[in-house]
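Every number in this text was worked out from the coordinates using simple rules, so none of it is lab data. Predicted model only: the values in this text are computed from it and were never measured. Here the Cβ positions follow ideal geometry from the backbone for every residue, glycine too, while neighbour counts run over all protein chains shown.
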Ligand SMILES: Cc1ncc(C[n+]2csc(CCOP(=O)(O)OP(=O)(O)O)c2C)c(N)n1
């Protein structure tokens, strides 16, 4: 290409001098280099333009997508992928690869171009089918769909925080498995972020945590292009980002010209040398780089450049206009060196792993077990069985006791809460705190950062090698809904421990009393929600959660003590809970049921008492405990018909929004639920006012029965 005098079209290959700005290192261009741009090695330029124009052509072909970010960030991505990223295109899952997350997922055409040219299993036909039905190149990167995509990104801020979770997993596994002379876990996590990622509040939560944890192997490249969708960042985003991350405990650098591959590479090198702090490298990029009418404007966003603009851009940069999807042989040959490089890095690791396995055979087997998400034999052998004499016991307490035992069998369990461990019972006695001088600790303190906690748990699960769990009050699950949605979308085995599960928690009042959260969680496709009725159902629920290797599980637990359903009397519990719903107490001794009381969690006890009262009042009731509607829905028609025969009316009792139970709707159903917010009073008083009393259950049951009788007599 012909070098233009404007800054944005300059290519500078020399390493820029480092200046100190307010005590921090910035990679700056000196005025001397500004006036005398030097072209980068021609091959670098060819490779970078290959990435740019593959992205441009993908978006143009699809007539949909974001060309701007790939065009502006191709050079810094090239600097990373070509000069330092450790990966093997032929084995994308090699455990000790570096992780690369494109947090700005809207720029995924860049990632797809990189994956294709470096030799991942992503053929050119897939690039040509960008954003089309069934392609491996969806509109935002999707984990599990495209080899080499480490995380589903698109909702801004999530990928950044997944990166924090991955970096946590790396140091945790390194602490567990590395031995003197054997560094079998030793890789970096790189994340590419945009303004939007850093504007989202989650980046402050996660950035604070990463700085606090001294995650020196987390390196973030920031495409500082001054543009978001509505216009210049001057509209909304004017704080000094480097100062901000500096204050969060990060090592920060600035590179003034993204096309200065040498400076980006040098900044990356310095970031790796900094072992005590995560790194943010702000690189001044230009959205839509090279497009004569769209560069540095919002027009480079969200739509194809247009045929004419593509032509002008290609001509301006000395690129053949036709054919589209052009990959010069020389560039491809260079990119494909990644295959040999990756194979050699992996085989080096494999021989080091062999030496490790010779010296520590058990650890080596254990390493593969946790990476493959296999459970050890008898992992659930010592789980407790509670007796009536142990009660009353809150299910959160039973959960804490279960976690303690599971944790002793499953060292890959790692978790904690968003500053609520004493309430959520998520702390494991003696398991140590995960903190900068003890990355081998298992108890995590996420701080009051539910949103980040959710996305960090996802990052840990994506990394593999850990069973991550996190707790807070059920009402605050709303703060972490976006990452829970992604966990479900990506079938990530993440476990949530949500306590204080209803108005029954009492005095804190409506702000802390969940009502609509249960149905909200149940409405997430792929999320298994379990609301156990007592200590023994809680143990069974944890067994389901640990055994579920594909997809998240939310355990919804009480603050208040509940009677323990003794296994001698309620022997159906262990086999019933995994089925989602089961007959806990039948009416058979007294004849077929007139009505079925379906209850979940704490309301199961109410149903049991009401069942006895109803019998004295002439109605035979069956009690079905339904800890998980989604698991129940998976059972056979025969089983469901057996539990809930079609001709028997139902009364649902759940201290939560009645929405959703209407899926069982018909004249034969009534629901005792909550369709307003809660109130501040002692829990039992609140429950009483909301109709969770034996009197009301019996009254409603009679109302259903009377309605049916009336119908029958009219017919
Ligand atoms: C949480 C979230 N909110 C909104 C969007 C929609 N969106 C996609 S890109 C974008 C902003 C793009 O600006 P920037 O992050 O600076 O990216 P760039 O301009 O560099 O492409 C927005 C708001 C989103 N993807 N995620």
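Numbers at a glance
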quantity	calculated
For the chain: relative contact order, % (alpha-carbon pairs under 8 angstrom, 6 or more apart)	12
The range 384-475 shape via C-alpha gyration tensor axes, a/c threshold 1.5	prolate
Semi-axes of the equivalent ellipsoid for the range 577-715, Cα gyration tensor, largest first, Å	22, 19, 15
Gyration tensor (alpha-carbon) shape descriptor, the range 281-332, a/c threshold 1.5	oblate
Where only alpha carbons of the range 249-393 are counted, the Rg and the Dmax (Å)	26.7, 82
Cα point-scatterer Debye curve for the range 68-114, base-10 log of I(q)/I(0) at q = 0.16, 0.21, 0.30 Å⁻¹	-0.46, -0.76, -1.21
Global form of the range 128-237, assessed from the alpha-carbon gyration tensor, a/c cut-off 1.5	oblate
The chain - mean residue ellipticity at 222 nm from DSSP helices (-39,500 (n - 2.57) per run, n ≥ 4, rounded to 500)	-12000 deg cm²/dmol
Cα-based helix-to-principal-axis angle, 42-62 vs the chain, degrees rounded to 10	50
Part-to-part distance (alpha-carbon centres) for the range 157-209 and the range 108-152, which is given in Å	23
The chain - Rg and Dmax from Cα coordinates, angstrom	29.0, 97
Mean-position separation - Cα centroids, the range 417-480 and the range 578-610, in angstrom	35
Span per principal axis, largest first, for the Cα atoms of the range 652-715 (Å)	46, 25, 13
Proportion of all alpha-carbon pairs of the range 312-426 beyond 21 Å (%)	68
Among 136-148, 303-315, 184-196, 340-352, the order from most to least packed when residues are scored by Cβ within 10 Å on average	184-196, 136-148, 303-315, 340-352
log₁₀ of I(q)/I(0) at q = 0.15 Å⁻¹ - the range 198-307, Debye sum with one point per alpha carbon	-0.71
Rg over Rh [alpha-carbon atoms, Kirkwood Rh] for the range 234-281	1.03
Rg and Dmax [Cα atoms of the range 62-187; Å; Rg one decimal, Dmax integer]	15.4, 54
Amide N proximity, the range 372-397 versus residue 179 label position 7 Å along Cα-to-Cβ, cut-off under 20 Å	372
